[in-house]
Amino acid sequence: MVFNTGSALLDAIVLSVVSKETEGTYGYRITQEVREVMDISESTLYPVLRRLLKDDCLEVYDKAFSGRNRRYYKVTEKGDAQLRLYQIEWKSYSRKVSKYLLEE
């Protein structure tokens, strides 16, 4: 992608991906889903997850899987509110940008 991705957009996409699963989801799966939108490595994703945890937008729990624990991330109430704000802001921003970039 030729456009730079800011941290707020990355936070919004991660929150959106995690919010799709009511029981939460794990890091590798989050990475795979985010990669459908943008090129991202796991080393980029985990600082985003830690920041969202620190900001109380996500909570974390471990769940047994194939004889070991897998760390799951789940959106909190604060994370839901933040995601709604991102969605409102994105609609406005993308409409304004599209007006100029897609104008014929």
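The values are calculated or read from the model by the stated rules, or taken from the named source; none is laboratory data. These figures come from a predicted structure and were not determined experimentally. Heads up, the Cβs are rebuilt from the backbone with ideal geometry, glycines too, and the neighbour counts pull from every protein chain shown.
Worth a mention:
- Only one of T31, T5 that is assigned to a helix (DSSP H, G or I) and in contact with a helix residue (DSSP H, G or I) (Cβ under 9 Å, 6 or more places away or on another chain): T31
- Any chance I40 is surrounded by 10 or more Cβ atoms within 10 Å (Cβ to Cβ), touching a residue at least 12 places away in the same chain (Cβ under 8 Å), part of a loop (DSSP other than H, G, I, E, B) and within 13 Å of the chain's Cα centre (by Cα): yes
- Residue in the stretch 24-48 that is farthest from R71 (Cα to Cα), counting only those that are at pLDDT 90 or above and among the charged types (D, E, K, R): E36
- Test: residue in the stretch 65-79 that is without any contact (Cβ under 8 Å) to a residue 40 or more places away in the chain, surrounded by 13 or more Cβ atoms within 10 Å (Cβ to Cβ), more than 12 Å from the chain's Cα centre (by Cα) and not in a loop (DSSP other than H, G, I, E, B): yes
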